[in-house]
Structure formats: C-alpha cells, structure tokens
Amino acid sequence: MASDGIVLDRLDHLVLTVRDVAATCRFYQAALGMRREDFGGGRVALHFGRQKINLHPHPSPVEIVAKDPRPGTADLCFITETPIAAAVAHLESLGIDIEMGPVERTGAQGTLNSIYCRDPDGNLIEIANTVT
C-alpha cells in the first residue's frame with residue numbers, strides 16, 4: 001500500500017563492519033566477482049550490478065555508524081543468473097564450504113533456489129537463483 005510519505009526506489013549501498021578489509025575484498029572478489037573501489041579518505045567499497053557494499057574496519061574511524069557495529073552480524077542474499085550447481089562448484093573450488101542448500105526460500109520477488117556460505121567474518125551469505 002502506498003503512503004503519502006517517502007517512496008523508496010532501491011537500496012544504493014549497505015555497510016559491512018569487518019575485521020580485515022583486504023581479506024573481505026579477496027573473498028567477495030574471488031567468490032562473487034565483485035569489484036573493489038578505493039575512495040575518499042582511504043575508504044573501500046565492493047561493487048556489483050548497480051549496488052555497492054561499503055567496508056568499515058572494526059572499530060570504525062567513520063564518524064557516523066550503526067549503534068553497535070560488529071563483524072559477522074549480517075545476513076545477505078545475492079541473486080545470480082549463474083546456475084546454483086555451477087555456483088556450488090565455483091565456491092567449493094575456492095575451498096568455501098556450503099553450509100546449506102540448495103534449498104527453496106522466499107525472496108522479495110518470489111521463490112528462490114538458494115545456497116548458504118559464510119564470508120571471512122562469519123556473515124551469512126545466501127546466493128540464489130529466482131525460480132520461474
């Protein structure tokens with residue numbers, strides 16, 4: 001239902017608080033094909049599609065952050081066109097354990113076929129295909 005207030009279009013970026021920015025970049029670049037960007041004040045982001053993930057080292061030197069930012073507290077879902085079987089093979093070739101899946105889940109746009117793994121900080125990473 002629409003409101004008379006703010007109408008959102010999309011998520012531009014989110015922030016992950018991490019123990020080791022370089023290790024996090026290596027994981028997301030190798031496992032998920034993200035692109036690293038270094039920007040203002042020595043900050044680092046990972047780009048994919050039209051979104052990005054800003055990385056804050058723990059503790060963060062950034063002026064304004066979440067109330068209690070800690071590494072390993074995120075649960076993220078990424079949609080891919082890569083078939084799940086190929087994604088499993090790719091992750092396993094990198095020595096990344098699949099914790100669960102493939103399993104059926106419900107996403108923002110409908111049914112997903114998902115697998116789960118963890119990044120270097122223990123964040124839960126869901127990689128999914130949409131089911132048509």
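No value in this document is a laboratory result; all are computed from the given coordinates. Computed from a predicted structure; not experimentally measured. Note that we place each Cβ from the backbone using ideal geometry, even for glycine, and neighbour counts take in every protein chain shown.
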Placing +1 at every Lys and Arg Cβ and -1 at every Asp and Glu Cβ, with all other atoms neutral, what dipole size does the chain have around its Cα centre, in debye to the nearest 20? 260
Arrange the peptides 89-99, 44-54 so that the one whose residues have, on average, the most other Cβ atoms within 10 Å appears first. 44-54, 89-99
Within 13 Å, Cβ to Cβ, of Arg10, how many net charges do the neighbouring residues add up to if Lys/Arg are +1 and Asp/Glu are -1? 0
Cβ-based charge dipole, the chain, positive-most Cα from Thr17, Val103, Val131: Thr17
